[in-house]
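Enquirer: Input: one structure, supplied below.
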């Protein structure tokens, strides 16, 4: 028993450690795809479109119906011969009918084609929802990684301040610096501690945003991979906005869905116009019945004999010619034509919005790269200035205030570089996303 408990405890520890493993970007995206309510709704809409298509496909099949009835007649009642007699009676009947549409103005064909296009459009809608979620998770994830690196910078700055405070304390004890320097260095430690606390809070909020976007209810123990495992490249390829726009107009699911729905609208118009044409159907049926009289004035023929003589089979063609239906078809056609115009405007708006997003992403990436280069140069200069200030302070030529100002500029430069780096990386990934097939 004790041995089993030990084994169970070891398994629990293994699974606990596994549960605390940092999440990669792809793991976050995969989890969000499985749990996001918007994605699940798009999947339901796709399934609904599939059912609509199957209904229109099965509309070509025969319609088969069975019927049964039981009735009582008082006074003049029909007999099994079809003649009314002066007697109370009961009658029972059963029947089976079949109807097959032969021609309905191509309504079934056009409706089926419209539903096929609607299903294809719903597939593209789902893909568009997934892409949108992909970008959102990627943005939240990068925010977390950025905050993790910023927290690391704040920790390094705090270590420098603490080391400087200790050094100042030592210099004060040997009489090389005044006591005010000790208080000033202690204040700098407190300032950097506050910066670290702020960085930790920002990291916590970024993790909360990511887990909420992923539909994770409890973020306890959630973390992402460390920044050094998140690969970056200072020279990421950046396609031109013109080629990206052209590629996106031909491949982005939003445009694909809009084009498919325009084709669907044209088939909807043809289906609406089919109500002006005659329809032809084949029908067939079989019926039988039994009659029973309640008085002795009329003989009741046995059930078996009536079933042999009362059976009736019919076959035929039914032609329906529309003449006037309260102008319903006319205005249904008009509304469908308006739907086509609206869908064309939707394509135009989608195209303009896509072009706008790509142009903004491109020029934001260009600006982010320039900002990144400038921030990198600023960091190098700030690092060199801080080293000179540190050397000057150690030699007694630089005040502690000047040293702290130099260190603060170094911290801001490091923070600006991190922000520019991740912004540039994100913008490049967005551009690459628009260039995917």
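Readers should treat all values here as calculations from the given coordinates under stated rules, not as data from a laboratory. The shown structure was predicted, so the numbers you read here are calculated from the model rather than taken from an experiment. Neighbour counts are summed over all protein chains in view; Cβ atoms, including those assigned to glycine, are modelled from backbone coordinates with ideal geometry.
Enquirer: Fewest to most neighbouring Cβ within 10 Å: what's the order for 142, 255, 214, 335?
Expert: On the way: 142 21, 255 18, 214 25, 335 12.
With the fewest neighbours first, 142, 255, 214, 335 line up as 335, 255, 142, 214.
Enquirer: Write down the Å³ per residue value for the convex hull defined by the alpha carbon atoms of the stretch 185-342. Mind dumping the intermediate values first?
Expert: On the way: hull volume 77.7 nm³, N = 158.
Output value, Cα hull per residue: 492 Å³.
Enquirer: With 5 Å bins from zero, work out the P(r) of the stretch 246-316 over every alpha carbon pair and list the percent per bin.
Expert: Over the stretch 246-316, the share of Cα pairs per 5 Å bin runs 3, 11, 9, 8, 8, 6, 6, 6, 6, 6, 6, 6, 5, 4, 4, 2, 1, 1, 0 percent.
Enquirer: Something else: Determine the calculated [θ] at 222 nm for the chain from helices alone, applying -39500 (n - 2.57) to every DSSP H run no shorter than 4 residues and normalising by the residue count; nearest 500 deg cm²/dmol.
Expert: Helix-only estimate at 222 nm: -24500 deg cm²/dmol.
Enquirer: Follow-up question, since we're still on this one. Here are several values of mean projected area of the Cα convex hull in nm²: [x] 43.4; [y] 20.5; [z] 23.2. Which one was derived from the coordinates shown?
Expert: [x]
Enquirer: Give me the number: length gained by fully extending residue 286 to residue 385, i.e. 0.36 nm times residue separation minus the C-alpha to C-alpha distance, one decimal in nm.
Expert: Values: separation 99, 0.36 × 99 = 35.64 nm, distance 10.22 nm.
Taking residue 286 through residue 385 to full extension adds about 25.4 nm, to one decimal.
Enquirer: Using a 10 angstrom cutoff on alpha carbons, build the Gaussian network for the chain and name the most mobile of 352, 148, 113.
Expert: Residue with maximal mean-square fluctuation among 352, 148, 113: 352.
Enquirer: Between 189, 177, 366, which gets the highest mean-square fluctuation from a Gaussian network model of the chain, Cα cutoff 10 Å?
Expert: Taking springs between Cα atoms under 10 Å, the residue moving most is 177.
Enquirer: Here is a further query. Report Rg (one decimal) and Dmax (nearest whole number) for the stretch 321-389, counting Cα atoms only, units Å.
Expert: Both quantities, over Cα of the stretch 321-389: 29.5, 98 Å.
Enquirer: Measure nothing but the geometry: give the 0 to 90° angle between the long axis through the Cα atoms of 328-394 and the longest principal axis through the Cα atoms of the chain, rounded to 10°.
Expert: 10
Enquirer: Let me ask something else. Fully extended, how many nm does the chain gain between residue 226 and residue 373 (0.36 nm per residue separation, minus their Cα-Cα distance)?
Expert: Difference between extended and current length: 50.6 nm.
Enquirer: With a 10 Å Cβ neighbour count serving as the proxy for reagent exposure, in which order, fewest first, do 340, 29 appear?
Expert: Placing the least packed residue first, the sequence is 340, 29.
Enquirer: Also: So, in nm, how far is label residue 326 from label residue 96 when the simple model puts each one 7 Å beyond its Cα toward the Cβ?
Expert: 3.8
Enquirer: Compute the Rg/Rh shape ratio of the stretch 366-437: radius of gyration over Kirkwood radius, all on alpha-carbon atoms.
Expert: 1.25
Enquirer: What angle do you read, to the nearest 10 degrees and between 0 and 90, between the alpha-carbon axis of helix 241-251 and the longest principal axis of the chain?
Expert: The helix 241-251 is inclined about 30 degrees to the chain.
Enquirer: Using the Cα atoms of the stretch 159-273, I'd like the radius of gyration and the largest Cα-Cα distance, Dmax, both in angstrom.
Expert: 29.3, 101
Enquirer: Compute from the Cα atoms of the stretch 58-204 the Rg and the Dmax, the latter being the longest Cα-Cα distance, and quote both in angstrom.
Expert: When restricted to Cα atoms, the stretch 58-204 yields Rg and Dmax of 44.4, 136 Å.
Enquirer: How much length would be gained if the chain were fully extended between residue 48 and residue 205, taking 0.36 nm per residue of separation minus their Cα-Cα distance, in nm to one decimal?
Expert: So the chain would gain 52.7 nm between residue 48 and residue 205.
Enquirer: A further question follows. Please compute, over every Cα-Cα pair in the stretch 122-202, the percentage with a separation greater than 20 angstrom.
Expert: Details: 1807 of 3240 pairs.
Beyond 20 Å sits 56 percent of the P(r) for the stretch 122-202.
Enquirer: On to the next question. What spacing in nm lies between the two simple spin-label points modelled at residue 197 and residue 24, each 7 Å away from Cα in the Cβ direction?
Expert: With each label point 7 Å from Cα toward Cβ, the separation is 3.8 nm.
Enquirer: State the Cα centre-to-centre distance between the stretch 249-325 and the stretch 354-412 in whole Å.
Expert: 79
Enquirer: For helix 25-35, what angle does its Cα long axis make with the longest principal axis of the chain, in degrees from 0 to 90 and rounded to 10?
Expert: The angle comes out near 30 degrees.
Enquirer: Nearest 5 is fine: what % of DSSP beta bridges in the chain come out antiparallel, could you say?
Expert: The antiparallel fraction comes to roughly 95 percent.
Enquirer: Between residue 132 and residue 314, with labels modelled 7 Å along Cα→Cβ, what's the label distance in nm to one decimal, could you check?
Expert: Each label point lies 7 Å from its Cα, and together they span 5.5 nm.
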